[in-house]
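Everything below concerns the one structure shown next.
The values are calculated or read from the model by the stated rules, or taken from the named source; none is laboratory data. Quick caveat, the model's predicted, so the values are computed rather than measured. Methodologically, a virtual Cβ is constructed for each residue, glycine included, from the backbone with ideal geometry; neighbour enumeration extends over all protein chains shown. These area figures cover heavy atoms from the full protein model, side chains too; ligands, DNA and RNA do not enter into them. Shrake-Rupley method; radii C 1.70, N 1.55, O 1.52, S 1.80 Å.
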Amino acid sequence: MTIRRVKYYLYLKDVILLSVTAFGGPQAFLAMILDIMVKKRRYISEEELWELHALCQILPGPTSTQTVSAIGYRVGGPNLAYLSLLVWILPATLIMTSAAILVDFLQTQTSGSLDFAKFIQPMAIGFIIYAAQKTIGKMVKTPEATVLMMLSAFVAFFYNSPYIFPIMLVIGGVFTSLKYHKQPKIEEKRGINVKWANFLLWAGVLILAAILGHFTRILPIRLFENFYRNGSLIFGGGQVLVPYLYTEFVEFKGYLTSEEFLTGYAISQGVPGPTFSISSYIGALSMRDMGITGAITGGLIAAAGIFLPGTFLIFFVIKFWDELKKYRPVRAALEGINAVSCGMLIAAAYLLFEPMPANTFNISAIVITYLLLQFTKIPSPLIIMGGIIIGLGYQLL
């Protein structure tokens, strides 16, 4: 028992280390997981890591967070998995909540001005374009997927309701599942032994939050439902989350401005840990009218809402994934879901740029940021830090 506890403590210590040093996005995160948790500690084998990561990629929710939780589940069961989830998300959650409070404070000191973020707002568009290019290159590989991507981008341009997104995801998945015969056959299936507890937990929380939010109209409950629903629908990682959150909280509900959103997205690119942490920034600003306590509460509620559904789902699916993936329609549906997600990402770049003046300054900042990401090895945090420093210097002048 003592040896087992020591192993659990070591695992949590390694997760803490990851949470404060995992800069550079999913690729850097995977490299660190491989080095620390596979090669050094040997919590799982390399083959198990790739299998778990692939499973997390095809489920809705934050892939990096689900991977950490899934490894914790393999090492020490659900209790360690939930502890590792908390340890992994806490630093980024606190940083982004603090960033929201600071941004709101600076605006009140400058009569609502965000001049200190003059440079990093267009830089955020550069990050989104770069992320879109990388994501499309990985996920869109067939003519059908390309058509679905363009159609979903077109729809997202003209319909700003957050409820259109899940409908488009379902349509995309159903469309490509019809060509399941192109998927390679896998050995004979012998049925699936499904344990429904975590699925019922996920669905029960979703339904309960929706009912309570609708009838009570209490902002914290509605915020939790909003983020929980988004966390249940996002395929493709943190960059795909952007259009969902922008549409719902900026265009649809007006909880924060486009400039505030872009500032938060840019800051999140320089923060270690999960990219979904931008949700804490949005949650904090959504409850800023309640003071600092309200902002902190909003940040924590948003983090709980965005991270919990993916965790419930990975715990549900991990137990029978080996059997489920043998069904060709299941694998075929992922092509359409991923293509629609990419279309959302294209729309996000346009929708976020639209409120900006199309002047030489903004376009130059977008292009320069993209070129730095594409052709140099300068870390994202340094790029963002440079933009913040230049912006603060500009405001002082």
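Worth a mention:
- Sorted largest first by accessible area at a 1.4 angstrom probe radius, with every protein chain in place, the residues V271, V174 fall in the order V174, V271.
- Here the mean projected area of the convex hull built on the C-alpha positions of region 132-183 is 4.0 nm².
- Ligands, DNA and RNA excluded, the heavy atoms of K40 present near 140 Å² of accessible surface to a 1.4 Å solvent probe.
- Electrostatic bookkeeping for K179 treats Lys and Arg as +1 and Asp and Glu as -1; over the other residues with beta carbon under 9 Å from its beta carbon, the sum is -1.
- Each principal axis of the Cα atoms in the chain has its own extent, and those three values, largest first, are 69, 54, 51 angstrom.
- Local electrostatic count, T108, Cβ distance below 13 Å [Lys/Arg +1, Asp/Glu -1]: -2
- Partners for K179 among lysines (Cα-Cα distance below 22 Å; same-chain residues under 8 apart left out): K138, K141, K189, K325, K326
- Span-like helix check, the chain: qualifying full DSSP H segments, with Cα axial length of 30 Å or more and mean Kyte-Doolittle of 0.5 or more, are 63-109, 291-317, 328-353.
- Förster radius 45 Å - calculated FRET efficiency between L371 and W196 (Cβ-Cβ, nearest 0.05): 0.35
- Accessible-area order (highest first, 1.4 angstrom probe) of the listed residues E46, E335: E46, E335
- Helical runs (DSSP H, four residues minimum) scored at -39500 (n - 2.57) apiece and divided by the length of the chain put the mean residue ellipticity at 222 nm at -24500 deg cm²/dmol.
- The charge dipole of the chain, taken about its Cα centre with unit charges on the Cβ of Lys, Arg, Asp and Glu (plus for the first two, minus for the last two), comes to roughly 1300 debye.
- Only Cα pairs under 8 Å and 6+ residues apart enter the sum, and on that basis the relative contact order of the chain stands at 33 percent.
- Within the full protein context, the accessible area of I221 is estimated at about 50 Å² for a probe radius of 1.4 Å.
- Efficiency of FRET between K179 and F157 - r from beta-carbon atoms, R0 30 angstrom, step 0.05: 0.65
- Where W202, W88, W50 fall by accessible area, highest first, once all protein chains stay in place (1.4 Å): W50, W202, W88
- For K377, a cut-off of 17 angstrom between C-alpha atoms picks up these lysines, skipping any fewer than 8 places away in its own chain: K134.
- Cubic angstrom per residue, convex hull over Cα atoms of region 211-369: 147 Å³
- Solvent-accessible heavy-atom area per residue, rounded to whole Å², over the chain at 1.4 Å: 46 Å²
- Across region 191-310, the relative contact order, built from alpha-carbon pairs under 8 Å that are at least six residues apart, equals 29 percent.
- Y9-I211 FRET efficiency (beta carbon distance; Förster radius 41 Å; 0.05 resolution): 0.55
- Annotation: extensible slack from D289 through L102 equals 65.9 nm (criterion: 0.36 nm per residue apart, minus Cα-Cα distance).
- Within the accessible area of the chain (1.4 Å probe), percent carbon and sulfur: 67 percent
- Label sites at V330 and Y350, each approximated as a point 7 angstrom past Cα along Cα to Cβ, lie 3.5 nm apart.
- Averaged over residues, the count of other Cβ atoms within 10 Å places the peptides 258-266, 284-292 in the sequence 258-266, 284-292, highest first.
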